[in-house]
Amino acid sequence: MTKLKPWISLSGIGVFAVLLLVIAPLVLSDHWLNNVGKYCCWAIAAVGIGFAWGRGGMLVMGQGVFFALGAYSMAMHLTLETAGDQVPGFMVLYDPLAPLPAFWEPFRSTGFTLLAIVLLPVVVAGILGYALFKRRVKGAYFAILTQALAVALATLISSTIRETGGDTGLSDFKYFFGFVLNDPANKVMVYSIAAALLIVCLLAVWQFYRSRFGELLVATRDAEERVRFLGYDPANVKLVAFVVSALMASIGGAMFVPIVGIITPAEIGAAASILMIAGVALGGRASLFGPALGAMAVGWGQSSLGSTWPDGWTYVLGLLFIVVILFLPQGLSSLPARFAALRRRPTVQPTPAIAAAQLEEVRS
Amino acid sequence: MTAASLVVTDLRVEFSGFVAVGGVSFDAHPGEVRFLIGPNGAGKTTCIDAITGLTRGTGSARLGEQELLGKQVHKIVRLGVGRTFQTASIFDELTVLQNLDIAAGLHRSSVSLLRARRGIDPSIERAVDETGLAGELATQAGILSHGQKQWLEIAMLLVQDAKVLLLDEPVAGMSHDERTATGELLQRIAAERIVLVVEHDMDFMRRFATRVTVLHQGKVLSQGTVAEVQADPKVQEVYLGTAGAATTAAMAVVPEPVAETLKLTED
Ligand SMILES: Nc1ncnc2c1ncn2[C@@H]1O[C@H](COP(=O)(O)OP(=O)(O)O)[C@@H](O)[C@H]1O
Ligand SMILES: [Mg+2]
């Protein structure tokens, strides 16, 4: 059974891939396909959150930061591609002679942009994670710190309207690496890239979970000190998971831009970061599919309920969140296992191990 | 081959002014089951904490030529110093095999960590045979019996090929048969490794110790073979409470060693 399980998950990813890459483009309207593409982007970030939080125990409340690194890298490139030789329109709005800010210049290059999408989050998360984990910052402090960074970055972008577009954000992209974005065929292509990247991220996490590193990560989550006394530096273990989750957030952000057509600080700030977490918690943070499916469900709720009943949607989401946290701390994906356990064993048996450990503590 | 010894010299640990360990010296060599005993609060655990880098101590703790004090916890482990804790601390959610595999991963390359496990390390097979856990490889560690958990911890150190095993009250809460099994296990392990056992179970100490150091209020009270230590009037005073209000107070906190002693005299 335990031997078989990874392969069952793998075929699950296969089914998911067929659904997203083959069935969805056939049956969905352009509008809905675009929506699903958007959910895929959030799902990519969510897969990373599931890895860092569900398996690694790090409550990453500021994934908006890394989402932004990918999104704004991509958006700057697409803006420059659209502007051609000229300075982007919004910059000239305030000062007709405004030069292109120096940090925009390298984003003309396709290679640099793609490299930035991958390397920026790795470097930033690497430095940040190293500083935090080596100092053994964890729990609520870690969560608050990452959240504060998301707020800070959103504020910075809002306040630098000439350089980054401010609250209006970056939008009106016409081309995507040479392809006309308005063309329906190209839209399907962009969607397919996002869906394929989601599948790749799921495969990566699948391999991580079944690897020795996955076991080590869970061990670090549950008993960090013990891992230290087995000769590992838990900081390094956590750092790897944190960097991977940052990279996934950045990839999600990068694909969000051509699909949605606009990126603003609202998509990366505190509220957006928490919404990413909410989807993961709903779906089941430690499971393989939970984070992705949860994020897609929240995304779907937002575009259907959220557009017809914007006030109510927030309450529905909040209520759902509370109910799941209270009654299903392992998320909706733990429902089947729960039912199976209920059928097999109607009564919950107490764990003598815990009692023994407590006894020990009292005696020592 | 002359294997390295663990030599602790003038070890001192203070907790904001309170001297928990005040200049303790002892040594331990491969081939002996070394015991560190003393009433509760004597500073036994703190000694181990200092040697393993968990708390800061001054003085010296050398393994062969290597000074251990001042090094980071995981680096000390990599030098071959392993420990267990008073409360069994294994990864409850993982299986016995996974627990052991994580321990065995210490000397693996980072790249091999990214692969799934195929088969079972020979070191793991040897360790589970030694500790009697061979039938439990697929069992979730959290549901092992109390004794088995302690053995799993010891097996994890064996898998790591630790040169020094510092065991903090390994038989606490065990049945008599489990204690015997553990004692015999420790004797086998000690043939090639340094084994230092912290205990306040006197019966267990008498049966398995080759040399004993008695700590009391952060200082070495007595040192020698079991017979020598038992004959020491200072030790009798602390353990049997023939004098001193301070000692009776210490005993009130931990009646267990006394109870054990009494039981033994009845046998
Ligand atoms: N982290 C700590 N902070 C303050 N005092 C401590 C700490 N750890 C241990 N002590 C004190 O040091 C003394 C020795 O404790 P310990 O080494 O645990 O004793 P033992 O293991 O011999 O029972 C006790 O008085 C204990 O209260
Ligand atoms: Mg102790």
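Numbers at a glance
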| read-out | value |
| --- | --- |
| Mean Cβ neighbour count within 10 Å, used as a protection proxy, ranking A:286-297, A:310-321 highest first | A:286-297, A:310-321 |
| FRET efficiency, B:Arg62 to B:Glu125 (Cβ-Cβ, R0 51 Å, nearest 0.05) | 0.95 |
| Long-range amide H partners of B:Leu69 with built H, under 5 Å | B:Ala61 |
| Estimated 222 nm signal from helices in the protein assembly as shown, with DSSP H stretches of n ≥ 4 weighted -39500 (n - 2.57), rounded to 500 | -18000 deg cm²/dmol |
| Degrees between helix A:64-83 axis and first principal axis of chain A (Cα, 0 to 90, nearest 10) | 20 degrees |
| Pairs of lysine residues in chain A - Cα separation under 22 Å, sequence separation of 8 or more or cross-chain | 5 |
| Efficiency of FRET between A:Phe177 and B:Val111 - r from beta-carbon atoms, R0 41 angstrom, step 0.05 | 0.80 |
| Three-way shape call for the range A:10-269 based on the alpha-carbon gyration tensor, with the a/c threshold at 1.5 | oblate |
| Label-point gap, in nm, between A:Lys5 and B:Gln223 - each point 7 angstrom along Cα→Cβ | 5.0 nm |
| Cα-projected label distance for A:Trp309 with A:Lys134, points at 7 Å along beta-carbon direction, nm | 5.2 nm |
| Shape call, the protein assembly as shown: gyration tensor on alpha carbons, a/c limit 1.5 | prolate |
| Unit charges at the beta carbon, dipole of the range A:10-269: most positive-side option, A:Ile199, A:Gly50, A:Val92 | A:Gly50 |
| Counting DSSP beta bridges with both ends in the protein assembly as shown, the antiparallel % (nearest 5) | 60 percent |
| In order through the range A:178-186: 3J(HN,Hα) via Karplus (6.51 cos²θ - 1.76 cosθ + 1.60), integer Hz, x for Gly, Pro | x, 8, 6, 6, 6, 5, x, 4, 5 |
| Under Karplus coefficients 6.51, -1.76 and 1.60, residue-wise ³J(HN,Hα) of the range A:39-50 in Hz, glycine/proline x | 5, 4, 4, 5, 5, 4, 4, 5, 4, x, 5, x |
| In order through the range A:6-11: 3J(HN,Hα) via Karplus (6.51 cos²θ - 1.76 cosθ + 1.60), integer Hz, x for Gly, Pro | x, 6, 4, 4, 5, 5 |
| Sites excluded, trypsin sites (Lys or Arg not before Pro) in DSSP loops with at most 10 other C-beta within 10 Å, longest stretch of chain A | A:136-364 |
| Rough spin-label spacing in nm, given labels placed 7 Å along Cα→Cβ, for A:Ile161 and A:Ile23 | 4.7 nm |
| Between 0 and 90°, nearest 10: helix B:256-266 axis offset from chain B longest Cα axis | 80 degrees |
| Most fluctuating residue given options A:Ala281, A:Ala150, A:Ala98, as computed from a GNM of chain A linking Cα atoms under 10 Å | A:Ala98 |
| Percent RCO, i.e. relative contact order, over the range B:85-161, from Cα pairs under 8 Å lying at least 6 residues apart | 52 percent |
| For B:Val21, distant residues with modelled amide H under 5 Å away | B:Val13 |
| Partners for B:Lys149 among lysines (Cα-Cα distance below 23 Å; same-chain residues under 8 apart left out) | B:Lys44, B:Lys163 |
| Overall form of chain B per C-alpha gyration tensor (a/c, 1.5; a/b vs b/c) | prolate |
| Paramagnetic reach from A:Val316 (point 7 Å along Cα→Cβ, amide N under 12 Å) across the range A:276-303 | A:298-303 |
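Each value in this text was obtained by applying a stated rule to the coordinates, not by laboratory testing. Just so it is clear, the structure is predicted and the values come from calculations on it, not from any experiment. Every residue, glycine as well, gets a Cβ built from its backbone with ideal geometry; the counts of neighbours run over all protein chains shown.
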